Amino acid sequence: MTFEQERARLVTELVAAGSLGDDWRRAAFEQVPRHEFIPGTVWQVSEAAGGRLLAMRRDTDPDTWSKLAYRNEPVHTQVDDGNPPAEGGWEVTSSTSAPSVVAKMLHALDVEPGMRALEIGAGTGWNAALLSWRVGAENVVTVEIDPTLAALARDALDRAGFDTVTVVTGDGMLGHSAGAPYDRVIATVGVREVPYAWVAQTAAGGRLVVPLYNSYHQPGLLTLTAHGDGTATGRLSWPLEFMGTRADRVPRVAPASIVGEPEVIGETDLHPRLWGSGRDAAMAIGQRLGDGVRLQWQKGAAPGQGAVWLFDPASRSWASVEVGEEPPYRVRQGGPRRLFDEVADAYRWWHEAGEPVVTDWTVTVGPGGQRMALPG
Ligand SMILES: C[S@@+](CC[C@H](N)C(=O)[O-])C[C@H]1O[C@@H](n2cnc3c(N)ncnc32)[C@H](O)[C@@H]1O
């Protein structure tokens, strides 16, 4: 299949799945060539290499590369900040997101021709190109922290005819005041807290669409309206997972590097599914813990068995809960923080608060920072 045919097939798939409607996005997806934005080397998880990310090259494997360009999946374009070990990388540090996610975020952005738009996290430049298709390339500013990626995005945007997009190399947490005010701000990188600078740079009535990031559990997509008085308010909607900004992300942990002899051994009746996988509980617990705690599931030999690990790399604290058929479950904890006790307390707090759902929370961002509150 040619790239054009692959693209048409992807659009049909996205329309059938309800990710793309019959609005401007459909034409933009049909016309903006995603493959022009994907670099010649991309990265794929290899189970055979123990979960490492291995390079896949367009010049040596053109068929696989071409298929990846038009699949409804993210394409990983950088690992380990561009410096992976020879035997493969561990952490995806840039990717072009799954087309369905991009389509839905652009829908949430509710963007009209001629609007000024700021994107944080240029990555490959593909989303900036789609935005440009709608508002005009001269109205789009996109910020990328990694100079190599920013240069690649610049080249790809030029090649695809969006040469008047402003690509800024810098820390997107500061926004880009020289291009303000913006009618729309979209982050394509997760943030723990929406920076006040983004609100300050948004016109009154303008909209911000931001994936909230939390190392314990990703809260989902946040849509805020700027009020023109230095504040913006909004709510969370559908779940999604994004990499955190360079400053926010919490590194993957090799358990052996932190886990030692347990200092406390106990048991609990709280199955990890209560506090580790239900979105409403896990989001509330993540907010109460603050950022930095990472949760990792480990499969056991039999279905329903395994362990759940909690890590705080900064304080070198850890906990594990061994899952079996029936409670109680064995809990082991080590390091200065008692991570399981903190999680269990947060879970009980959420339960006693009436088990609020993710969409109950109101998020306010102002000069004093971000606040999340429940009604009442
Ligand atoms: C998921 S990718 C963005 C995908 C992109 N919009 C596209 O269409 O390909 C996230 C990007 O955010 C960048 N990033 C991380 N922290 C950042 C920061 N503080 N400021 C600007 N960009 C940042 C990463 O380098 C990465 O390229």
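The values are calculated or read from the model by the stated rules, or taken from the named source; none is laboratory data. As the structure is a computational prediction, the values presented were derived from the model and not from experiment. Virtual Cβ from ideal backbone geometry, glycine too; neighbours counted across all protein chains shown. Ligands, DNA and RNA are stripped out before the accessible areas are found, and what is left, the full protein with its side chains, is counted by its heavy atoms. Shrake-Rupley method; radii C 1.70, N 1.55, O 1.52, S 1.80 Å.
Relative to a virtual label point 7 Å from the Cα of A49 in the Cα→beta-carbon direction, which members of the range 63-90 show backbone nitrogen distances below 20 Å?
63-69, 74-90
Kindly list the residues of the range 6-39 that lie in the label zone of H107, defined by a backbone N under 13 Å from the point 7 Å along the Cα-to-C-beta vector.
Answer for this model: 14-26.
If you restrict to DSSP beta bridges whose two residues both lie in the range 263-376, what percentage is antiparallel, to the nearest 5?
Values: 27 of 27 bridges.
So the antiparallel bridges in the range 263-376 amount to around 100 percent.
Starting from the residue with the highest accessible area, list V45, V331 in decreasing order, probe 1.4 Å.
Working: V45 85, V331 5 Å².
Highest to lowest solvent-accessible surface, that is V45, V331.
Let me have the relative contact order for the range 34-114, percent, based on Cα pairs under 8 Å that are six or more residues apart.
Values: 113 pairs, mean separation 21.1, N = 81.
Dividing the mean separation by the residue count of the range 34-114 yields 26 percent.
Compute the label zone of W24 within the range 86-112: residues whose backbone N is under 14 Å from the point 7 Å along Cα-to-Cβ.
Of the residues in the range 86-112, 106-112 have backbone N under 14 Å from the label point off W24.
At 1.4 Å probe radius, can you tell me the per residue accessible area of the range 255-352 in Å²?
Values: 4890 Å² over 98 residues.
It amounts to 50 Å² per residue over the range 255-352.
Counting pairs of alpha carbon atoms under 8 Å apart in space and at least six apart in sequence, what relative contact order in percent does the range 255-352 give?
Values: 174 pairs, mean separation 32.1, N = 98.
Rounded, it is 33 percent for the range 255-352.
Between E73 and I265, what FRET efficiency comes out of the Förster formula 1/(1 + (r/R0)^6) with R0 = 51 Å and r the beta carbon distance, rounded to 0.05? List each step's numbers first, then the result.
Numbers: r = 42 Å, r/R0 = 0.82.
Efficiency for this residue pair is about 0.75.
Please state the relative contact order of the chain as a whole percent: Cα pairs under 8 Å, 6+ residues apart? Numbers along the way, then the final one.
Details: 813 pairs, mean separation 40.8, N = 376.
Relative contact order for the chain comes out at 11 percent.
Any chance you could check the Cα centroid distance between the range 311-365 and the range 228-286 for me, in angstrom?
About 9 Å separates the Cα centre of the range 311-365 from the one of the range 228-286.
For V168, list long-range residues whose amide hydrogen, built 1.01 Å from N in the peptide plane, is under 5 Å from its own amide hydrogen.
Sorted by chain and number, the residues that satisfy this are T142, V143, E144.
Using only Cα atoms and rounding to the nearest 10 degrees, what angle (0 to 90) does helix 3-16 make with the longest principal axis of the chain?
It is inclined by approximately 60 degrees.
What whole number of Å gives the distance from the Cα centroid of the range 66-139 to the Cα centroid of the range 30-52?
That distance is 12 Å.
Mind pulling the angle between the C-alpha long axis of helix 339-352 and the longest principal axis of the chain? Nearest 10 degrees, somewhere in 0 to 90.
Result, in degrees: 80.
Can you give me the solvent accessible area of S215 with a 1.4 Å probe, rounded to the nearest 10 Å²?
Roughly 20 Å² of S215 is accessible to a 1.4 Å probe.
Counting residues in the range 255-352 as N, plug N into 2.2 N^0.38 Å and put the Cα Rg over that result. Can you show the working numbers first?
Working: Rg = 12.6 Å, N = 98, 2.2 N^0.38 = 12.6 Å.
Compactness ratio reported: 1.00.
Out of residues 5 or more away from G292 or on other chains, whose amide H comes under 5 Å of its own, with H placed 1.01 Å from N in the peptide plane?
Hits under the 5 Å cutoff: S215, Y216.
With every protein chain left in place and a probe of 1.4 Å, what is the accessible surface of S277, to the nearest 10 Å²?
Here the residue's solvent-accessible area equals roughly 60 Å².
Could you derive backbone 3J(HN,Hα) for the range 324-332 from the dihedral phi with the Karplus parameters 6.51, -1.76 and 1.60 (θ = phi - 60°), listing whole Hz in sequence and x where the residue is Gly or Pro?
Working through the residues one at a time gives x, 5, 10, x, x, 10, 6, 10, 10 Hz.
In the chain, once you exclude exposed GluC sites (Glu not before Pro) (DSSP loop, at most 10 other Cβ within 10 angstrom), what's the longest stretch remaining? It would help to have the intermediate numbers written out before the result.
Working: sites that count: E47, E87, E325.
For GluC sites (Glu not before Pro) (loop position, at most 10 other Cβ atoms within 10 Å), the longest site-free span of the chain is 88-324.
Roughly how tilted is helix 147-159, in degrees to the nearest 10 and between 0 and 90, from the longest Cα axis of the chain?
40
Give me the tail of P(r) for the range 86-164 as a percent: Cα-Cα pairs with distance above 20 Å. Walk me through the intermediate numbers first.
Details: 1019 of 3081 pairs.
Tail of the P(r) past 20 Å holds 33 percent of the pairs.
Using heavy-atom solvent-accessible surface (probe 1.4 Å) with all chains present, what is the largest-first order of S94, S237? Walk me through the numbers on the way to the answer.
Values: S94 10, S237 40 Å².
Correct descending sequence by accessible area is S237, S94.
How long are the semi-axes of the ellipsoid equivalent to the chain, from square roots of 5 times the Cα gyration tensor eigenvalues, in whole Å, largest first?
Working: eigenvalues 261, 139, 69 Å².
One finds semi-axes of 36, 26, 19 Å for the chain.
Going by accessible area, probe 1.4 Å, with all protein chains left in place, what is the ranking of M372, M56, largest first? If you can, show how the numbers build up before the last one.
Numbers: M372 40, M56 15 Å².
Per-residue accessible area, sorted high to low, gives M372, M56.
Give me the accessible area of W24, 1.4 Å probe, in Å² rounded to the nearest 10.
40
If you roll a 1.4 Å probe over the chain with all protein chains in place, what percent of the accessible area is carbon or sulfur?
Working: 8150 of 16390 Å².
Reported share for carbon and sulfur atoms: 50 percent.
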